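Asker: One structure follows; several queries about it will come next.
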Amino acid sequence: MTLAPPNAQFRHLGIYVRDLDAMLAFYQRVLGLVVTDRGPTQAGGRIVFLSRSPDEHHQIVLVEGRTDAMGSGLINQMSFKLDTLADLRRFYEIIKAENIRVDRAMNHGNAWSIYCFDPEGNRLELYAKSAWYIAQPCAEPLDLDEPEEVILAQTEELVRGDPTFVPLDEWLRRQAKAVGATPYDAA
């Protein structure tokens, strides 16, 4: 039996960079992107989330750590947004049925994600937004074999315990205001 995939919409790109500060300045200055979050990576580097969209937490992610040994492998991930947690769980079933190599499943508080690889080793992220916002990065393990109500309860406990927690609607209002101005608007 072939499972029909849920509607997955491309939403953001993560890039490994050599000089995070220079890349950040470029994307802010030239494209008018604003920093929505920043913090340490699990590997000890830095990560910065950028957006111009009032309803997308990030459209570009800059990840410190690109080396010459990586060659042209600068893409951190290609990310596809799903409508619901149920859709993400359906994709998880497809991934298992297709024997697709999984990197990890993560609870980000503001979203749930599965990271997996295409046949040539490019990392993909499939994710669904939650109803909450907390500062990123947040990367807690996620067990998609758990019932949806358990995942929702675990996520709500996670976000409500975080000092940066706000409901998603409130964060969206703040984000719309934050992305409304660019360096060129003042000129």
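Computed from the coordinates by the stated procedures, all read-outs in this text should not be read as laboratory data. A quick note: this is a predicted structure, and the numbers were derived from the prediction, not measured. We place every Cβ from the backbone using ideal geometry, glycine too, and count neighbours over all the protein chains shown.
Asker: Using modelled amide H (1.01 Å from N, peptide plane; none on Pro or chain starts), what sits under 5 Å from the amide H of Ala111, excluding residues fewer than 5 places away?
Answerer: Ser130
Asker: Quick one: Phe49, Phe117, fewest Cβ neighbours within 10 Å first, how do they rank?
Answerer: If I rank by nearby Cβ atoms, fewest first, I get Phe117, Phe49.
Asker: Let me ask something else. On a full-extension model of 0.36 nm per residue, what is the gain between Ile15 and Asp68, subtracting their alpha-carbon distance, rounded to one decimal in nm?
Answerer: 17.6 nm
Asker: Given the chain reduced to its alpha-carbon atoms as identical point scatterers, what log10 I(q)/I(0) does the Debye formula return at q = 0.12, 0.13 Å⁻¹?
Answerer: -0.61, -0.72
Asker: Name the residues whose placed amide hydrogens come within less than 5 Å of the amide hydrogen of Asn76, ignoring near sequence neighbours (fewer than 5 apart) on the same chain.
Answerer: The list, which skips near neighbours in sequence, is Gly14, Ile15, Tyr16.
Asker: Of Leu82, Gly14, Leu24, which is farthest along the charge dipole of the chain in the positive direction, counting Lys and Arg as +1 and Asp and Glu as -1 at C-beta?
Answerer: It is Leu24, whose Cα lies furthest towards the positive end.
Asker: Under a point spin-label approximation (7 Å from Cα along Cα-to-Cβ), what is the Val102-Asp145 distance to one decimal in nm?
Answerer: Label-label distance for Val102 and Asp145, simple model: 0.8 nm.
Asker: Here's something else I'd like to know. List every residue whose amide H lies under 5 Å from the amide H of Phe165, counting only residues 5 or more places away in sequence or on a different chain, with H placed 1.01 Å from N in the peptide plane.
Answerer: For Phe165, no residues qualify.
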